[in-house]
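Notes follow once the structure below has been shown.
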There are 2 protein chains.
Amino acid sequence: MADTAPARTAAAADRVRKPQARTAERREAILKAAMDVFGANGYHKGALAEVAEQAGMTHAGVLHHFGSKEGLLVAMLKYRDGNEVAGVPARAQTEGPAFLQHLVDTVEENTHRRGVVQAFAVLSGESVTDGHPAHDYFQDRTSVLRAKIAGVLGEVSGNRDERSLADAASALIAIMDGLQVQWLLEPDAVEMPRIVAATIDRLVADLTAAA
Amino acid sequence: MADTAPARTAAAADRVRKPQARTAERREAILKAAMDVFGANGYHKGALAEVAEQAGMTHAGVLHHFGSKEGLLVAMLKYRDGNEVAGVPARAQTEGPAFLQHLVDTVEENTHRRGVVQAFAVLSGESVTDGHPAHDYFQDRTSVLRAKIAGVLGEVSGNRDERSLADAASALIAIMDGLQVQWLLEPDAVEMPRIVAATIDRLVADLTAAA
DNA sequence: ACACACTTACTTACAAGTCAGTAAGTGTGT
DNA sequence: ACACACTTACTGACTTGTAAGTAAGTGTGT
């Protein structure tokens with residue numbers, strides 16, 4: 001009885017909010033600006049006001065959409081994983097050998113996406129500090145990716161030794177992440193795709209031989 | 001003639017400054033505190049006041065010694081390279097094969113020095129941003145280390161192909177750096193020394209075979 | 001041996017700026 | 001009519017860096 005909100009289209013218990021038409025694209029603009037700003041300055045030094053300015057509003061407007069700076073960071077990370085091309089761990093669909101090629105392709109693509117690479121390099125570095133809002137994200141991301149890579153390497157090489165597989169997966173992830181930092185510091189000094197491809201070949205050959 | 005400053009004990013042009021007795025150890029205390037604070041929070045989030053407190057003085061006292069926050073960071077980086085155990089690139093003395101073992105030993109030592117590892121992980125991540133005060137330091141450090149490792153790998157393997165050598169060196173540095181981040185996020189998930197040792201073996205074997 | 005000149009090593013207080021977050025109001029689409 | 005998408009205006013917490021003052025040390029001439 002007290003609940004007599006007439007015929008509000010089944011919306012009884014839910015406080016769902018209906019976004020306006022352009023809301024989705026505005027939020028996306030903010031997320032892209034966040035990639036840019038956090039990528040260029042890191043999370044702590046990156047200012048909400050700068051993100052807002054790039055998205056064409058004030059910093060309070062950004063907070064209206066994401067609640068807090070931390071909320072924006074988390075949303076940005078998830079957005080990138082879902083939508084961006086380089087969402088490596090997400091596409092768990094890709095089958096065995098093709099997945100390894102996909103890794104190399106992604107590295108190659110990253111060569112043309114300096115901003116994204118920089119954002120992830122800076123953020124993953126920051127994330128190891130105590131209580132950093134992106135800590136859990138990077139921890140999960142790494143362990144999921146490691147499991148996936150270990151699985152594929154096992155498939156491809158026929159090797160079944162869990163430890164060797166996990167070590168190889170860790171090494172491969174480390175190579176990809178580590179090279180990005182070197183490349184950002186000195187773009188002409190390292191050719192990421194070639195080195196990653198060579199590393200994968202070495203790893204697979206070694207695991208196959210030991211199988 | 002106009003220069004007739006009587007007999008002021010020869011001290012005409014020199015304005016030499018002599019530090020007091022305990023100064024050296026006070027500065028060292030500040031540098032250690034800086035490692036701690038910048039390691040735990042990063043450079044941008046790490047506050048001078050916290051460094052000062054850990055060193056037993058006020059933030060103005062710290063500035064007296066190092067001029068600016070940036071000056072403190074640079075001093076800290078140089079101090080660590082000079083004095084700490086892990087000064088990999090500094091000891092260019094170590095000969096060929098022993099150097100590779102030295103790398104593995106250093107990684108093993110780092111396992112017991114979480115603070116130092118964290119400081120370098122956070123700082124090297126931050127350093128790729130535009131105009132970061134540690135940018136040049138990490139750039140130089142990486143390129144010196146790469147040249148050194150490439151040289152040693154050439155020695156050990158007999159391989160003389162510059163590009164293969166440089167690629168292998170880049171890969172090795174990437175592995176070491178990348179593993180540190182993974183280890184910091186999930187200490188039990190990766191055994192750094194074993195993976196680094198295995199990587200070196202693989203690299204050397206491969207280069208030797210191709211020679 | 002001792003006072004004088006000067007430096008070093010700080011402290012307290014403050015200036016000037018930046019930052020995230022909040023509250024309250026305005027306009028617009030549905 | 002009303003919720004949503006903002007803006008303007010502001011607060012409070014923190015920042016680095018500076019200015020000015022003080023106590024203690026160092027060195028030199030006599």
Query raised in the report: Restricting attention to segment A:165-204, which residues are at the interface with another protein chain (Cβ under 9 Å from one of its Cβ atoms) and farther than 27 Å from A:Gly39 by Cα?
Result: A:Ala166, A:Asp167, A:Ala168, A:Ala198, A:Thr199, A:Arg202, A:Leu203
Query raised in the report: With respect to A:Leu72, is the statement that it is within 15 Å of A:Val37 (Cβ to Cβ), within 16 Å of DNA strand D (Cβ to nearest atom) and either at pLDDT below 90 or in a helix (DSSP H, G or I) (or both) true?
Result: yes
Report summary line: With the first residue restricted to segment A:29-45 and required to be closer than 16 Å to A:Arg113 by Cβ, and the second required to be among the aromatic types (Phe, Trp, Tyr), Cβ contacts under 6 Å at 6 or more apart or on different chains are A:Leu31/A:Tyr79
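Quick check, is B:Ala21 modelled with pLDDT under 95 and within 11 Å of DNA strand C (Cβ to nearest atom)?
Yes.
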Query raised in the report: Is it true that B:Val116 is touching a residue at least 60 places away in the same chain (Cβ under 8 Å) and facing another protein chain (nearest Cβ under 7 Å)?
Result: no
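The values are calculated or read from the model by the stated rules, or taken from the named source; none is laboratory data. Every value quoted in this text rests on a predicted model; they were computed, and no experiment measured them. When we count neighbours, we look across all protein chains shown, and the Cβ atoms used for this are built from the backbone with ideal geometry, even at glycine.
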